[in-house]
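Visitor: Structure incoming, see below.
The values are calculated or read from the model by the stated rules, or taken from the named source; none is laboratory data. As the structure is a computational prediction, the values presented were derived from the model and not from experiment. Please note: Cβ atoms are built from the backbone with ideal geometry, for glycine as well, and neighbour counts cover all protein chains shown.
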Amino acid sequence: MSKRQEIRERRRKQKQQRKMITLGLIIIGAGLITAVLIGSSPQVNAEFRSRYMADGNAMGDPDAPVQIVEYSDYKCGHCGAFSIETEPLLEEEYIKTGKVYFVYRSVGAMLSGAEPMLGAEASYCAGDQNMFWEMHDMIFANQTTSFTNGTMEKWAKAAGIDLDQYKSCMSANTYQARANQDEADAKAEGINGTPAFVISYFVDGEEVKQMLPGNYPYQAFQQVIDDALAEMGL
């Protein structure tokens, strides 16, 4: 091989090496971009279920002798724990048997600001399709994610909610006043933390009302409800 051919061959190999290095950098860069995109778009935890005799934000028989109103905050970890651990037990033993009528209400922006307020409005809008509880569950399942209109729409879609109707409801701020009323009523009940449960029933025509302030174990609810039913002679 002549000197000129050696130089030409060396230049060819150097050019090929540069191409390989460039290709490698492109592949690494694409991988990094993909990782960033995946990290910025967390997967949706699609965990939800329907409720017994669901009617908007309530479940059970409206004529049940005991009513429980939960005041909650979608950013509250203890509220999420109650919905997963205790509420299904109450539904099985007391709501499905016609002893308790259960209502979920928010506390508006009282404790955690705009994010749970948005969640309250979103779940009320889902309630127009009688899918309040499905949206309620989706929000709690993803409560560590930032609440935005975009994330709420993803969760609504994952729950099977009609997005056109949902977005129309949200755009009109249909339930903003209702969420504000939740906050006002929570304050009137003396609630300053979540979850809080207002339990009411009637004895000889007089309303009896008491509150469980906190994520009490299931046995505490059993005691209060059973005592109330005994007091009513049921």
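Visitor: Select from segment 42-85 the residues that are among the acidic types (Asp, Glu) and out of contact with any helix residue (DSSP H, G or I) (no Cβ under 7 Å at 6 or more places or on another chain) and write down the one among them that is farthest from Ser112 (Cα to Cα).
Guide: Within segment 42-85, the subset among the acidic types (Asp, Glu) is 47, 55, 61, 63, 70, 73, 85.
Next, only the ones that are out of contact with any helix residue (DSSP H, G or I) (no Cβ under 7 Å at 6 or more places or on another chain) stay: 55, 61, 63, 70, 85.
Values: Asp55: 27, Asp61: 32, Asp63: 33, Glu70: 17, Glu85: 23 Å.
It comes out as Asp63.
Visitor: Going by the conditions given, is Val107 of a type in the set (A, V, I, L, M, F, W, C), surrounded by fewer than 23 Cβ atoms within 10 Å (Cβ to Cβ) and either touching a strand residue (DSSP E or B) at 6+ places or on another chain (Cβ under 8 Å) or not assigned by TED's automatic domain parsing to the domain that holds Gly193 (or both)?
Guide: Criteria not met by Val107.
Visitor: Residues in segment 119-134: is at least one buried (at least 23 other Cβ atoms within 10 Å of the Cβ) and of a type in the set (S, T, N, Q)?
Guide: yes
Visitor: Using the structure shown, decide if Ala172 is without any contact (Cβ under 8 Å) to a residue 24 or more places away in the chain, aliphatic (A, V, I, L, M), farther than 25 Å from Ala81 by Cα and in the same structural domain as Gln67 (by TED's automatic domain parsing).
Guide: Yes; evaluated as a whole, the condition is true for this residue.
Visitor: Considering each of Ser72, Ser112 in turn, give the residue that is closer than 18 Å to Phe140 by Cα, touching a Pro at 6+ places or on another chain (Cβ under 8 Å) and in the same structural domain as Gly150 (by TED's automatic domain parsing).
Guide: Ser72
Visitor: Can you name the residue in segment 153-189 that is aromatic (Phe, Trp, Tyr) and more than 17 Å from Ala114 (Cα to Cα) and is also nearest to the chain's Cα centre (by Cα) among such residues?
Guide: Going through segment 153-189, the residues aromatic (Phe, Trp, Tyr) turn out to be 155, 166, 175.
Filter once more, so that each one left must be more than 17 Å from Ala114 (Cα to Cα): 155, 166.
Values: Trp155: 9, Tyr166: 16 Å.
Among those residues, the one meeting the criterion is Trp155.
Visitor: Still on this structure, please answer the following. Would you call Lys75 in contact (Cβ under 8 Å) with a residue 60 or more places away in the chain, more than 22 Å from Asn192 (Cα to Cα) and of a type in the set (Lys, Arg)?
Guide: no
Visitor: State whether the residues of segment 144-158 include one that is within 22 Å of Lys75 (Cα to Cα) and acidic (Asp, Glu).
Guide: First, the residues of segment 144-158 that are within 22 Å of Lys75 (Cα to Cα): 144-158.
Among the residues that remain, those that are also acidic (Asp, Glu) are: 153.
For segment 144-158, residues within 22 Å of Lys75 (Cα to Cα) and acidic (Asp, Glu): present.
Visitor: Next question. Determine whether Gly60 is within 25 Å of Glu207 (Cα to Cα) and either surrounded by fewer than 17 Cβ atoms within 10 Å (Cβ to Cβ) or over 20 Å from the mean Cα position of the chain (by Cα) (or both). Reasoning before the result, please.
Guide: Working: within 25 Å of Glu207 (Cα to Cα): yes; either surrounded by fewer than 17 Cβ atoms within 10 Å (Cβ to Cβ) or over 20 Å from the mean Cα position of the chain (by Cα) (or both): yes.
Yes; evaluated as a whole, the condition is true for this residue.
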